[in-house]
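The values are calculated or read from the model by the stated rules, or taken from the named source; none is laboratory data. This one's a predicted model, so the numbers in the text were calculated from it and none came from an experiment. Positions of Cβ are backbone-derived with ideal geometry, glycine not excepted, and every protein chain shown enters the neighbour counts. Remember, those area values only see protein heavy atoms, side chains included, never the ligands or the DNA or RNA. Shrake-Rupley method; radii C 1.70, N 1.55, O 1.52, S 1.80 Å.
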Amino acid sequence: MAEIKEMVIPLRAAWNVPRTKRANRAMAEIRNHVSQHMKIQDDEEIWIDESVNHAIWARGMQNPPRKIRVVCTREEGFPLEVKLLED
């Protein structure tokens, strides 16, 4: 059975690094937040969808969004998927 969780990920930590590294830090924050809240095991992988990457980088490297809404899906035998929430 699949476990599905919607979450809003705050990306405020991305603004505490030099402005040329903000989008990279935002992607790292997404990975950290998901791994903490979904209780990732040592052998489990996280797969972040391309749409999440495009949403972070849409305004450039120096101006990522302050928060992002994602859906996390865990299925047996597959990596943990992180996709952009579509309203």
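When the chain is described by a simple charge dipole with +1 on each Lys and Arg Cβ and -1 on each Asp and Glu Cβ, the residue from 65, 33, 2 located farthest towards its positive end is 65. Scan the range 47-84 for trypsin sites (Lys or Arg not before Pro) in coil per DSSP, keeping those whose Cβ has at most 12 other Cβ atoms within 10 Å, and list them by number. Passing both the DSSP loop test and the Cβ count: 59, 66. Normalising by residue count, the chain has a Cα convex hull of 91 Å³ per residue.
Please report the antiparallel percentage of the DSSP beta bridges confined to the chain, to the nearest 5. Display every interim value, and only then the final one.
Working: 12 of 15 bridges.
For the chain, the DSSP antiparallel bridge percentage is about 80.
What residue among 55, 14, 26 has the largest mean-square fluctuation in a Gaussian network model of the chain, using Cα springs under 10 Å? Among 55, 14, 26, the largest mean-square fluctuation in the Gaussian network model of the chain belongs to 55. In a reduced charge model with +1 at each Lys and Arg Cβ and -1 at each Asp and Glu Cβ, the chain shows a dipole moment near 920 debye about its Cα centre. Across the accessible surface of the chain, with the other protein chains kept in place and a 1.4 Å probe, carbon and sulfur atoms take up 46 percent.
Coupling constants for the range 35-49 follow from the phi torsions by the Karplus curve (6.51 cos²θ - 1.76 cosθ + 1.60, θ = phi - 60°), and in residue order they are 5, 6, 7, 9, 6, 5, 7, 5, 8, 9, 10, 10, 10, 9, 5 Hz; glycine and proline get x.
Rolling a 1.4 Å probe over the heavy atoms of the protein chains gives the chain an accessible area of 69 Å² per residue.
Here is the list for the range 7-57: trypsin sites (Lys or Arg not before Pro) lying in DSSP coil, each with at most 16 other C-beta atoms within 10 angstrom of its C-beta, are 39.
What FRET efficiency comes out for residue 45 versus residue 12 if R0 is 22 angstrom and r is the Cβ-Cβ distance? Round to the nearest 0.05. For R0 = 22 Å, the calculated efficiency reads 0.25. Couplings 3J(HN,Hα) for the range 61-66, derived from phi with the Karplus relation 6.51 cos²θ - 1.76 cosθ + 1.60 (θ = phi - 60°), are 5, 8, 9, x, x, 7 Hz, where x marks Gly and Pro.
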